[in-house]
Ligand SMILES: [Zn+2]
């Protein structure tokens, strides 16, 4: 879980640093310490940056999914920004974005406290959510597969074959908040891996050494125990409220939870609550009735859509019958030719059949374009009695135009021609039909 993609310290610098004495980790002595004084043991300028080693530090070096601290150190009254903190072996390295000279001097340093405190809260929240997940899903073998902490949220990757359900997520969130509200103390101590495994065995959720190589036991009350290198809050009350923002199937067998805690968790609850208020106003319902009310509205909407569709169809059918009064006479047939606006193939078919069923001596050619282009041709029963086949006629015209089409001797369709060619296709089918109809007599 250490970051390997971003090598912040060049090997040339590492070589000069790795044999220095172990840095005293003030961030473990007291994670709430923001300022300190320390002696500059080494300061290397390489490229645009300086790499500064102190005898002790409150700057936490990146590790276990928790970012390295940022802040300032000073030299001869000038402040130097620390853009990142890393560990090389047992030595903590402060990365400065401009040259720093001051080997042997005593410097004052301060970390960006809101950023670090955000990391601490989200780190601790991750342990609590882990414990809640283990208990809600009854997974004794739940394991951390990854961990990504930031000031305003934390991503926790867990071994899980099935996706968590909405109900499970809600229950995990509720359980996590109840655990945090117990004001559990977070206890840390140094140990050996063997000792920790002997005491806790498979209960150890997370098992990683610190960036500087120590094995550190972190106990969140009696809820969670792990080997963890990060900085945590003293009491779980500091991370309330915990909000699970979402879940994601990261890959097969790994489920990711995204969590916001403390003021960031509250902001998310607040957003959800605002939305809920708007919904209760809009629907004029109690909060508990909003979901069934929306469900009911959606069902009503489907029913109305269905009724509208039927109504439109029946209007289209009766309109179709009126086209007969303007039909042209070809042989013994009345031919209706129309290019219509914005109708689908199903409606065109229903309209055409309405006409040909009403009169056996009719031929109908209807075209329209909506998202796609459609053409329907139909003929009354007397058409096929003459040995004529409207399916073949339409297929031939369609093929000439590079489209597929065809049908039975009395009903055929084609489509997929360019939208601006609808009228042209309708006319081509009309001409082909008129050609095939024998003169009256
Ligand atoms: Zn931790």
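Of the residues in the range 295-312, none is surrounded by 14 or more Cβ atoms within 10 Å (Cβ to Cβ) and either more than 24 Å from residue 406 (Cβ to Cβ) or in contact (Cβ under 8 Å) with a residue 40 or more places away in the chain (or both).
Could you check the range 372-411 and list, in sequence order, the residues that are in a loop (DSSP other than H, G, I, E, B), within 47 Å of the chain's Cα centre (by Cα) and in contact (Cβ under 8 Å) with a residue 40 or more places away in the chain? Residue satisfying the conditions is 372 alone. Scanning the range 258-276 for any residue that is closer than 23 Å to residue 159 by Cβ and either within 16 Å of the ligand (Cβ to nearest atom) or in a loop (DSSP other than H, G, I, E, B) (or both) turns up at least one such residue. Evaluating residue 65 against the criteria (1) away from the ligand (no atom under 16 Å from the Cβ); (2) under 21 Å from residue 119 (Cα atoms) leaves one unmet condition, (1).
For the range 83-104, the set of residues classified as at pLDDT 95 or above and either in contact with a helix residue (DSSP H, G or I) (Cβ under 8 Å, 6 or more places away or on another chain) or outside any strand (DSSP E or B) (or both) consists of 91, 93, listed by residue number.
Within the range 117-142, residues that are farther than 16 Å from residue 176 by Cβ sit with their Cβ atoms under 8 Å from residues that are outside any helix (DSSP H, G or I) and more than 15 Å from the ligand (Cβ to nearest atom), at 6+ positions apart or across chains, in these pairs: 118/151; 118/152; 119/151; 141/159.
Determine, yes or no, whether residue 364 is under 30 Å from residue 308 (Cα atoms) and not in a helix (DSSP H, G or I). Yes, satisfied.
Condition test on residue 233, is it outside the structural domain of residue 67 (by TED's automatic domain parsing), outside any strand (DSSP E or B), at pLDDT 90 or above and within 13 Å of the ligand (Cβ to nearest atom)? Full working, then the answer.
Values: outside the structural domain of residue 67 (by TED's automatic domain parsing): yes; outside any strand (DSSP E or B): yes; at pLDDT 90 or above: yes; within 13 Å of the ligand (Cβ to nearest atom): yes.
Judged against the criteria, residue 233 is a match.
Determine if the range 89-105 includes at least one residue that is within 15 Å of the ligand (Cβ to nearest atom), surrounded by 24 or more Cβ atoms within 10 Å (Cβ to Cβ) and over 27 Å from residue 200 (Cβ atoms). Among the residues of the range 89-105, not one is within 15 Å of the ligand (Cβ to nearest atom), surrounded by 24 or more Cβ atoms within 10 Å (Cβ to Cβ) and over 27 Å from residue 200 (Cβ atoms), which makes the answer no.
The values are calculated or read from the model by the stated rules, or taken from the named source; none is laboratory data. This one's a predicted model, so the numbers in the text were calculated from it and none came from an experiment. Cβ coordinates were reconstructed from backbone atoms using ideal geometry, including for glycine residues, and neighbour counts include every protein chain displayed.
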